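**Q** Pasting a structure here, questions to come.
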Amino acid sequence: MPKDKKILTAAATLDGFSMRKDGSATLRFVTQELVDADMLTVKQFYGHFGQLLFSENSIQPLDIPKQDPDFDGKTPSQRLRAVIFVLWSQLRDSGKGIR
């Protein structure tokens, strides 16, 4: 693993989860107080796709996947374009147009 690759390591408690319609899940973790460097890493990761490893025990190097995860969803910009297109289609079909 490259030394410059950022990895957030923090003791955490799985605080909650909810199932989503598409079969995915929303997970909520609570950490202890984070030092400034870890908080900066959290902010840099916000909204990015990546791997999540969680274990009640320490994670060993062999536990870390070697390959990057596959992203099967839409990017935020693709989602926004799709929503705008649907809105445009509905307004066009209703004859109201955009004012």
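Quick note: the coordinates plus some simple rules give every number you see, no bench work behind them. Here the structure is a predicted model, which is why all the values come from computation and not from measurement. Quick reminder, even Gly has a Cβ in these numbers, built from the backbone with ideal geometry, and neighbours come from all protein chains shown.
**Q** 7 Å from Cα along Cα→Cβ at both Ser77 and Ser58: what's the point-to-point distance in nm?
**A** Modelled inter-label distance: 4.2 nm.
**Q** Label Phe17 and Met39 with points 7 Å out from Cα along Cα→Cβ: what is the distance between them in nm?
**A** According to this spin-label approximation, the distance is 2.9 nm.
**Q** While we're on this one: Lys pairs in the chain, Cα-Cα under 19 Å, at least 8 apart or on separate chains: how many? It would help to have the intermediate numbers written out before the result.
**A** Working: Lys3/Lys66; Lys5/Lys43; Lys5/Lys66; Lys6/Lys43; Lys6/Lys66; Lys21/Lys74.
Number of lysine pairs found: 6.
**Q** Which value, to two decimals, describes the C-alpha radius of gyration of the stretch 1-68 once divided by 2.2 N^0.38 Å?
**A** In units of the globular-protein estimate, the stretch 1-68 measures up at 1.23.
**Q** On to the next question. Per DSSP H run of n ≥ 4, the term is -39500 (n - 2.57); total these for the chain, divide by its residue number, and report the mean residue ellipticity at 222 nm rounded to 500 deg cm²/dmol. Please report the intermediate quantities before stating the final value.
**A** Working: 2 runs with 29 residues, N = 99.
That calculation yields -9500 deg cm²/dmol at 222 nm.
**Q** A further question follows. Compare Gln32, Gln51, Gln60 in a GNM of the chain, Cα atoms joined below 10 Å, and give the one with the largest fluctuation.
**A** For the chain, modelled as a Gaussian network with Cα springs under 10 Å, the answer is Gln60.
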